[in-house]
Amino acid sequence: MTSHAGTRDAATATIDDAALRHIQRRVVVALLAVQAVFALVFAMTGPLISLIAERMTGSAGRAGFAQGLLFSGGVLFTLPLAALSIKRGRRVGIGTGYLMGALGSGLVVTSATVSSYPLLLAGAVATGAALAAGFQARFAVTDLADADRVGRTMGMLSWSSIAGSVLGPPLSGAVENIGAGRLAEYTAPFAAVGIGLAVAGVLVLATLRPDPLLVARSLGREKVRERRKTRAALAASLRDPRTRLGIAVVVTVHTTMISLMNMAPIHLTHGAATLTAIGLVIGVHTAAMYLPGPLVGYLADRFGPFPLLVASLGVLSASAVTLALSHEGDSVVVGIGLTLLGAGWSAGYLAGSVLIVSATEGELRTMAQGAADFLVQLASASGALLAGVMAGAWGYDGLSVAWLTVVVALLVRVVLRPPARTAASPAPTVDR
């Protein structure tokens, strides 16, 4: 086995297969640990920042704006962090995002102490950098994965989000009790968020060695001709029809999931469903999102991502129909619809991501991944905002029918016009 002592972030082209498998195992273990920490603390941020903003300003509108800026920060930092990863490796790109998020969390806590709404908004945007880093990590785990194990590797990482998504929100209450009397109201959990993101950032910098992207580059898996401008590399990464299809699918399934899931609790409360029932329904939905990850990844590797894309859009269509037919307060039917929604999201999001990875290489792959994350987060923020407007105008059934129309339109497009380019076709290039 080739020694890696002293190489740290770089590897030589003489790495043998056994050493490469060892490095990949280290990458997977490191990112599983990091993402578990990230998911645990970041699950608290959305509700908390709106509570802090409302306490500070007395305005629900300003509270919603602060929460929106948190997700806008994810949009803002996605492409810069992707460009940084191209230049310096995943370790620096992802680590910087988490540490920037920790700094933003500190600004949020400080803003509450000095009662500064502008400082709160700046902290919200900076905290969103951690969201961009978390999205990038799911691609980083595939940099050194064998071509026939990309889906399974990505699916395995999704399991790290399960515990955090379930435990994070309840923990915020316990942490708030610990900080009561020491910090401004609602800021103790946000201080814990900052500490957690700092831990995640340090873990990335300390454990993601050697850097998987730099190792892939040294082995010729990531072919870099010349350094390209970000805009040129981004444009080139989107020329391949498979890349565009993968991005279209991940954006559609994620925005559909966000819109229908966010409005489901309101639909249930209008029918006098109990908080316990609502919590159970959302918990089942979350489990349906993350538990199938490894199985979905195996299926994507075994049969290719395209059949899974078609299946996911079919499941999402069934989900939208079920939710459109549900009555207010009917937790059973809504629970079935949200379970299908979670399963459809799991299949479509992972299969679309696998398609993006398989359709591109090198610098173009990293930029395509960044473009996908950028558009997903932008669409998520827009979808969350529009969902309330659409539900207010058309009701939850009208909202479900609207997204059913979008999903079916994409399904028809995918079936009738599958991407023509094959895996053997040359990757797109950029003129230097």
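The values are calculated or read from the model by the stated rules, or taken from the named source; none is laboratory data. Just so we're clear, the structure is a prediction, and the values are computed from it rather than from any experiment. Note that we place each Cβ from the backbone using ideal geometry, even for glycine, and neighbour counts take in every protein chain shown. Ligands, DNA and RNA are stripped out before the accessible areas are found, and what is left, the full protein with its side chains, is counted by its heavy atoms. Shrake-Rupley method; radii C 1.70, N 1.55, O 1.52, S 1.80 Å.
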Pairwise label distance in nanometres, Leu295 with Ala409, each label 7 Å out on the Cα-Cβ vector: 3.2 nm
Solvent exposure, largest accessible area first (probe 1.4 Å, DNA, RNA and ligands not counted), of Glu328, Glu176: Glu328, Glu176
Calculated P(r) of the range 280-382 - Cα pairs past 18 Å, %: 56 percent
Simple label model, 7 Å out from Cα along Cβ direction - Leu32 to Arg182, nm: 3.3 nm
Residues of the range 60-123: accessible area per residue with a 1.4 Å probe, Å²: 38 Å²
